[in-house]
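Encoded as structure tokens, the structure appears first; notes follow it.
The values are calculated or read from the model by the stated rules, or taken from the named source; none is laboratory data. Note that the coordinates shown come from a computational prediction; the quantities given were computed from them, not determined experimentally. Backbone-built Cβ (ideal geometry, glycine too); neighbour counts: all protein chains shown.
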Amino acid sequence: MNFVAIDLETANADMASICQIGLVKCENGTLSDEWKTYVDPEDYFDGINVSIHGIDESVVKGAPKFPELADSRNAKSAIRKRNPKEDGDEYTGVRIGKRI
């Protein structure tokens, strides 16, 4: 089974307050690639969220903002649309929009 799993951490209850993105790619049941980055959510950090993931303002200081990350070459190479003709599956995309 081949798939890419994505994990998002948020600074607060707002789902657009992404402060970390992680991706793992599995091919034939084996981890084949991984990528992660901190993101400046341009928002406040709620203590509840920080207690869960340990990420606060000091951790994301200097990290890219989401629009910068979405336009970066690294993000584009980490997230690729698979070819439905190759694996027989229909591609399903999710768009994350935050002040882009």
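Considering each residue of the stretch 13-41, count those that are closer than 14 Å to residue 60 by Cα and surrounded by 15 or more Cβ atoms within 10 Å (Cβ to Cβ), and give that number.
Initial filter on the stretch 13-41 (closer than 14 Å to residue 60 by Cα): 17-21, 36-41.
Within this subset, residues satisfying the condition of being surrounded by 15 or more Cβ atoms within 10 Å (Cβ to Cβ) are 17-21, 37-41.
Qualifying residue count, the stretch 13-41: 10.
List the helices (runs of 4 or more DSSP H) inside the stretch 11-100, counting only whole elements, that have at least 1 residues being under 28 Å from residue 1 (Cβ atoms) and at pLDDT below 65. Lay out the reasoning, then the answer.
On the way: elements: 47-53, 57-60, 66-71, 73-78, 84-87.
Filter on the stretch 11-100 gives 73-78, 84-87.
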